[in-house]
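Encoded as structure tokens, the structure appears first; notes follow it.
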Amino acid sequence: MLLDNDHFLLELTKLFQQQRVKNSGSLCLTMKRYGGQTKPKPQLTKKQRLEQKNASTPTATTSAHSPTTSEPVEYKCLVRAGFGSKKLSTVVSAKDINRFQLAYSNLLKANMDTLKKKAKESKTAGQASTTNPNSNIPSSPVLSSASTAASQQKKTPTTPAKKK
């Protein structure tokens, strides 16, 4: 169902609350560019494409202009939300996008706290000794012995060279 921007945000808040109460299911959100076209253009047959190719002039250029006027097309943003069988959508114009984006992001920040955290995998004792806790790359015995030798050299005091 197509709603105005403010009513869409209110209904989206209600969808988030329903999802939180049920504690199951997915709330799907999508955003995409919308040019105002409600029906898809039918595909041309091979014969029609050949006729159109022969009829077109080589000086014609394609741009982001509407086909009937020389004014540029103002694209809008289509926002959709779905939870179960309930579907919502709204079209946001370019002049209202900043205000809508702020309200939309605040709504998402307020309602994303119910996301489930990933389950951490437990490591066995044998694997823990061969890996560095700071990285996922196992430490090499050659590198570890070289680093201990370098640290021992730093610990031994050196005497300054005598001048002659």
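Please turn the phi angles of segment 40-53 into ³J(HN,Hα) values with the Karplus equation 6.51 cos²θ - 1.76 cosθ + 1.60 (θ = phi - 60°), one per residue in order, whole Hz, x for glycine and proline.
Coupling constants for segment 40-53: x, 6, x, 6, 7, 6, 4, 5, 5, 5, 5, 5, 5, 5 Hz.
Near the amide H of residue 84, under 5 Å away, which other amide H atoms are found, from residues 5 or more places off or on another chain, if H is placed in the peptide plane?
26
For an R0 of 41 angstrom, estimate the FRET efficiency from the Cβ-Cβ distance between residue 101 and residue 45 and round to the nearest 0.05.
Rounded to the nearest 0.05, the efficiency is 0.45.
Efficiency by 1/(1 + (r/R0)^6): what FRET value for residue 122 and residue 29, r their Cβ-Cβ distance, R0 = 30 Å, to the nearest 0.05?
The pair residue 122/residue 29 has a calculated efficiency of 0.35.
Any read-out appearing in this document is the output of simple, stated calculations on the displayed coordinates, not a laboratory observation. Only a predicted model underlies this, so the values are computations on that prediction, with no experimental measurement involved. Glycine also receives a Cβ, built like all others from the backbone with ideal geometry; neighbour counts cover every protein chain displayed.
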